[in-house]
Every structure is written in structure tokens, then in C-alpha cells.
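Structure first, commentary second.
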């Protein structure tokens, strides 16, 4: 979970600085989203409710990142 949270956080830092994401980050995001959330949710489920809620927020942030313009 920490690795996933760090990855999403690093993308947010870039997006906040640029108000967009670059092509490479967009490609990584598309690849991650194509993998689906099953493994992330399964791992979160094993760790309990607080982690499931945290992961749900990370996925919501990921959804917002996917809506940003690519430059």
C-alpha cells in the first residue's frame, strides 16, 4: 500500500506543479488503470477497514489524475 500511495502522491505533486500530466505519466497511469483495482482492493481488504478507505481515496485521486490534460 505504501508503494501505491507513494506512486499516486508523486503523480499528484507533478500535476499540481503543472496543472497537467506529461505523456510518460499518462502512459503509466493508463497502464495501471488497465490492470484494474482487484489486486489493490484485495491487499487492502487483508489489512482492514482503515486501509480499504485509504485505498478508495487513492483510487479516487487516480481517477481525477486521469481527467487532467496531457502535455
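Quick note: the coordinates plus some simple rules give every number you see, no bench work behind them. Being a predicted model, the structure only gives us computed values, none of them experimental. All Cβ positions, glycine included, derive from the backbone under ideal geometry; neighbour counts span all protein chains shown.
Quick notes on this structure:
- Qualifying positions in the stretch 31-68 - touching a residue at least 24 places away in the same chain (Cβ under 8 Å), more than 20 Å from residue 2 (Cα to Cα) and part of a helix (DSSP H, G or I): 66
- Take the conditions (1) touching a strand residue (DSSP E or B) at 6+ places or on another chain (Cβ under 8 Å); (2) under 17 Å from residue 7 (Cα atoms); residue 71 misses just one of them, which is (2).
- Members of the stretch 1-27 that are under 12 Å from residue 70 (Cβ atoms), surrounded by 10 or more Cβ atoms within 10 Å (Cβ to Cβ) and touching a residue at least 12 places away in the same chain (Cβ under 8 Å): 15, 18, 20, 21, 22, 25, 26
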